[in-house]
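Contents: one structure, followed by commentary.
Readers should treat all values here as calculations from the given coordinates under stated rules, not as data from a laboratory. Since the model is a prediction, treat every value here as computed from it, not as a measurement. Because the Cβ atoms are built from the backbone with ideal geometry, glycine has one as well, and the counts that use them run over all protein chains shown.
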Amino acid sequence: KSSLVTALSSGQPEICNYPFTTKSIKMGHFDSPETPERFQVTDTPGLLPRSDEDRNDMEGLTLAALEHLEHQVVLFVMDLTGECGTKVGDQLRIREELRNRFPEKAQNGWIDVFTKADMFSEERESESESESGGKGGDKAAPTSTSGSVYVIEGSKSEKYHVDHEFLDEEYAEALQQVPRALWVSTQTGLNVDALKRIMLQALD
């Protein structure tokens, strides 16, 4: 999540190879390529699937930001590799909680993101398969029944396959519940620019 904030904006949150690195609100900015507008990107602490009474002050900051910030787009970032410290099932439960808690944000300006796309093997689709998966203007094409996921960047379509050696066993459940998530890699830059475009469109 913090790596994505760095890729999207001028923000420089702490990035470490362990969960819950973000302990406070971190901010960065990026400029619109078409207008003089400047937008703020906020990195908030992660949440755990538990009651508000059991949540700590850091989690309270995240909920407060979601409740009080106006004209916002919510990026709900999920890590399906099983290596982030929070199980995929727990991430899905947190997503459901937030969408129920903030229904107006769930309906307008909610973007689901799957990170670390570079950790999946890539196979370029044939032209006919790409047509069925979606065209370059799409935000993200639906998943296939085999469990593969399509991502869109410009006019390209790539297909990422499951690596069962490290993937969380609830990976398939995430694909079913969040079929329109955009796959992103901060390592390769995959779909980072596309995500910015989608954010700007959602803010219009």
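Some notes on this structure:
- FRET E, pair residue 52, residue 180, Förster distance 22 Å, beta-carbon r, rounded to 0.05: 0.15
- Taking amide H as placed 1.01 Å from N in the peptide plane, the amide H of residue 182 sits under 5 Å from that of 112, 113, 114, each at least 5 places away or on another chain.
- A simple spin-label model places pseudo-atoms 7 Å from Cα toward Cβ; at residue 104 and residue 197 they are separated by 3.0 nm.
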